[in-house]
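Working notes, structure below.
The values are calculated or read from the model by the stated rules, or taken from the named source; none is laboratory data. As the structure is a prediction and not an experimental result, all values here were calculated from the model. Counting neighbours? That spans all protein chains shown, and the Cβs are built from the backbone with ideal geometry, glycine included. Keep in mind that these areas ignore ligands, DNA and RNA; they rest on the heavy atoms of the full protein, side chains included. Shrake-Rupley method; radii C 1.70, N 1.55, O 1.52, S 1.80 Å.
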Amino acid sequence: MAKQLDYHSIREIFTRFQAAEAEPKGELDHVNAYTLVVAVALSAQATDAGVNKATRGLFKIADTPEKMLALGEEGVTEHIKTIGLYRNKAKNVIKLSRILVDDYGGEVPNSRAALESLPGVGRKTANVVLNMWWHYPAQAVDTHIFRLGNRSGICPGKDVVAVERAIEDHIPVDFQQHAHHWMILHGRYTCVARKPKCGACLIRDLCQFEDKTE
Ligand code: SF4
């Protein structure tokens, strides 16, 4: 794990991320808050591209909890069976849709606790939804952010909660909103797991990773 980078290095890193991509976007397709919750819940242990392929047809016929309930567990299973853990995920989609209809009038609640109480929705999913739909500076730490944060020193931590706290504590407030997507995209496409592309990395001079590639 790298040492926590200082304020000026972090400000410079995010200034560069911002210059390269002013409005970074997530890659999960959705048409409203409900379909975003479902898409993020489906994305556990699956790629965004794989989830998008499955939800393309699903969201055409079921873009509200009421329509999802009408489709039923078997119908959902049929649409998502190319995604890992699909049986369990289909169960959770139906269960969470039932709760949204019964307890929230069919709307998606926007507190972390209420979101996390939904079946199949953990802290990471709740934070993604708060960030992407409500533009709240919530920091969802996935495998890409965890790796990048620990290699570079942007937000080192021994577990995801420690990394989440390091992001909240160390990234200047004007970069908090988009920090999630800048780091996910950098981790997914440049600071990749096996052989990071350090030679093409725009923060190479500031990153503390000791085994940089050429
Ligand atoms: S220099 Fe290499 S290790 Fe550091 S952030 Fe860039 S790609 Fe990752």
Just to be sure I understand, how many residues within the stretch 172-188 are free of Cβ contacts under 8 Å to residues at least 40 places away in the same chain and charged (D, E, K, R)?
1
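The rows are residues; the columns are (1) in contact with a strand residue (DSSP E or B) (Cβ under 8 Å, 6 or more places away or on another chain); (2) surrounded by fewer than 18 Cβ atoms within 10 Å (Cβ to Cβ); (3) under 16 Å from Ser9 (Cβ atoms).
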| site | (1), (2), (3) |
| --- | --- |
| Arg151 | no, no, yes |
| Ala162 | no, yes, no |
| His178 | no, no, no |
| Ile184 | no, no, no |
Please verify whether the stretch 41-53 includes one or more residues that are touching a residue at least 60 places away in the same chain (Cβ under 8 Å), part of a helix (DSSP H, G or I) and touching a His at 6+ places or on another chain (Cβ under 7 Å).
no
Selection count, the stretch 72-99, where residues are surrounded by fewer than 18 Cβ atoms within 10 Å (Cβ to Cβ) and aliphatic (A, V, I, L, M):
2
Contact list please: Cβ distance under 7 Å, first residue in the stretch 148-160 and under 20 Å from Lys195 (Cα atoms), second residue surrounded by 20 or more Cβ atoms within 10 Å (Cβ to Cβ) and of a type in the set (S, T, N, Q), pairs at least six apart or on different chains.
Pro156/Asn150
Test each condition in (1) in contact (Cβ under 8 Å) with a residue 60 or more places away in the chain; (2) crowded, with 20+ Cβ neighbours inside 10 Å; (3) assigned to a loop (DSSP other than H, G, I, E, B); (4) within 16 Å of the ligand (Cβ to nearest atom) for Cys191 and report the one that comes out false.
(1)
Residues located in the stretch 13-28, provided they are open to solvent by 70 Å² or more (accessible area, probe 1.4 Å) and either under 17 Å from Ser152 (Cβ atoms) or of a type in the set (Asp, Glu) (or both):
Gln18, Ala20, Glu21, Glu23
Take the residues in the stretch 100-149 that are in a loop (DSSP other than H, G, I, E, B) and acidic (Asp, Glu); name whichever of them is surrounded by the most Cβ atoms within 10 Å (Cβ to Cβ).
Asp142
Only one of Ala90, Ala140 is out of contact with any Leu (no Cβ under 8 Å at 6 or more places or on another chain) and modelled with pLDDT of 95 or more, namely Ala90
